[in-house]
Amino acid sequence: MPEGHSVHRIAREFDRNIVGREVAASSPQGRFAEGAAILNGRTVTQARAVGKQMFVEFDDEIWLRVHLGIYGAWDFAGELVIDPSGERAPNSIGAPRRSRVHVRMSEQTQGLGDVADEWPPPVVGQVRLRLLTELACADLRGPTACELQTPDEVAARIAKLGPDPLVGDSAAGEERFVAVVRRGPAPIGLQLMDQSVVSGIGNVYRAELLFRAGLNPHTPGRDVSEEVLRAIWRDWAWLLAIGVETGQMMTMDDLDADSYRRALAHRDDRHWVYHRAGAPCRVCGTAIVMEEMGARKLYWCPRCQA
């Protein structure tokens, strides 16, 4: 399932290429035909990411809510404005440029590729919603949620979500996060995955944040010190920003240049514990444990996180 950094990157792609433009909206798959008919001919006025959900506003205060879920993805094609590096490198120098490319924005496949000269691009697969401008095309596939909402419905939905370090006042978000976690008896490993507690953290970031904090995932939230919770929040803000810039969930620190390049290219080189069941801990050598928690796989070191 896409974690918070991916959705913020998608919102940024909308800002560069869709916001401020009139769109031709359609539902090639047919499952969102009525909603697409309402959006057709309208101008996109803003795109907001909050945790794992994105909210796109059109004129007349019509909002589109999208939750990609496990299989969802946005495909962008056309004369897209991208960073000079294609938004792949951690540091980009120079102004954005416009290039004819194809970009897939999902947790599993992200990257750039050439596109055919045909315009609009042919529909491939089950496209729930297509938003087409004179230069750009955004195709939505396989989302868990794709629905139109009123401003009040959007506000109510966001109010139910936990704080996101990249949305609103991060200091206020930290206070809310600490207070909610310390009220609850649930294990911290479950609370970090609860989107009403904190927005955007998924399976990868959960495992990595807990390891970096040296915290046993089974510790009840109310037993975690305020100091440790504040450190986790600030670490989440730091890692989220890195994820937005690089497009990768980079969670290892102090890598030399060669190691950093390897980590960007290969998932196995960028995480401390995630997806490393049975492998030796990078710090102490103890075998990494994998167990089920909250119906998801949890990876942790029983020594470093004792």
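Residue-by-condition table, conditions (1) within 17 Å of G69 (Cα to Cα); (2) in contact (Cβ under 8 Å) with a residue 60 or more places away in the chain; (3) surrounded by fewer than 11 Cβ atoms within 10 Å (Cβ to Cβ); (4) within 17 Å of the chain's Cα centre (by Cα):
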site	(1), (2), (3), (4)
R128	yes, yes, no, no
A136	no, yes, no, no
R141	yes, yes, no, yes
C146	yes, yes, no, yes
D152	no, no, yes, no
K160	no, no, yes, no
P163	no, no, no, yes
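Here's a check for you: in the range 198-216, which residue that is assigned to a loop (DSSP other than H, G, I, E, B) and surrounded by fewer than 22 Cβ atoms within 10 Å (Cβ to Cβ) is modelled with the lowest pLDDT?
Here the answer is G202.
With respect to R222, is the statement that it is more than 27 Å from I70 (Cα to Cα) and in a helix (DSSP H, G or I) true? So that I can check it myself, show each step before the final result.
Details: more than 27 Å from I70 (Cα to Cα): yes; in a helix (DSSP H, G or I): yes.
For R222, the condition - more than 27 Å from I70 (Cα to Cα) and in a helix (DSSP H, G or I) - is met.
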Query raised in the report: Is one or more of the residues making up the range 4-19 more than 14 Å from the chain's Cα centre (by Cα), without any contact (Cβ under 8 Å) to a residue 12 or more places away in the chain and assigned to a helix (DSSP H, G or I)?
Result: no
Report summary line: Out of (1) under 22 Å from the mean Cα position of the chain (by Cα); (2) over 19 Å from H5 (Cα atoms), the one R270 does not meet is (2)
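When the range 123-160 is examined, which residues are found to be touching a Ser or Thr at 6+ places or on another chain (Cβ under 7 Å) and either among the basic types (K, R) or assigned to a loop (DSSP other than H, G, I, E, B) (or both)?
Hits for the range 123-160 are R128, R130, K160.
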Query raised in the report: Within the range 205-234, how many residues are under 25 Å from H275 (Cβ atoms) and hydroxyl-bearing (S, T, Y)?
Result: 2
Report task. Count, please, the residues in the range 57-96 that happen to be in a loop (DSSP other than H, G, I, E, B), crowded, with 21+ Cβ neighbours inside 10 Å and at pLDDT 50 or above. Result -> 2
Query raised in the report: Taking the condition exposed (fewer than 14 other Cβ atoms within 10 Å of the Cβ), of a type in the set (V, I, T) and at pLDDT 90 or above, does V123 pass?
Result: yes
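Take the residues in the range 279-304 that are touching a residue at least 40 places away in the same chain (Cβ under 8 Å) and in contact with a Ser or Thr (Cβ under 9 Å, 6 or more places away or on another chain), then tell me which one is surrounded by the most Cβ atoms within 10 Å (Cβ to Cβ). Working first, answer last.
Quick first cut of the range 279-304, residues touching a residue at least 40 places away in the same chain (Cβ under 8 Å) only: 293-294, 296-301, 304.
Pick out the ones that are also in contact with a Ser or Thr (Cβ under 9 Å, 6 or more places away or on another chain) and you get 301, 304.
Numbers: C301: 25, C304: 20.
Among residues in the range 279-304 that are touching a residue at least 40 places away in the same chain (Cβ under 8 Å) and in contact with a Ser or Thr (Cβ under 9 Å, 6 or more places away or on another chain), the one surrounded by the most Cβ atoms within 10 Å (Cβ to Cβ) is C301.
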Requested in this report: Filter the range 267-278 for residues that are surrounded by 12 or more Cβ atoms within 10 Å (Cβ to Cβ) and modelled with pLDDT of 85 or more and give the result.
Outcome: D269, R270, H271, W272, V273, Y274, H275, R276, A277
Report summary line: By residue number, the members of the range 26-56 that are assigned to a strand (DSSP E or B), within 24 Å of the chain's Cα centre (by Cα) and in contact (Cβ under 8 Å) with a residue 40 or more places away in the chain are V44, R48, A49, V50, Q53, M54, F55, V56
Query - Verdict on I232 being among the β-branched types (V, I, T), under 22 Å from P187 (Cα atoms) and part of a helix (DSSP H, G or I) - result: yes
**Report entry** Sole exception among (1) outside the structural domain of L192 (by TED's automatic domain parsing); (2) buried (at least 17 other Cβ atoms within 10 Å of the Cβ) for L264, by number
**Finding:** (1)
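The values are calculated or read from the model by the stated rules, or taken from the named source; none is laboratory data. None of these values were measured; they are calculated from a predicted model. Methodologically, a virtual Cβ is constructed for each residue, glycine included, from the backbone with ideal geometry; neighbour enumeration extends over all protein chains shown.
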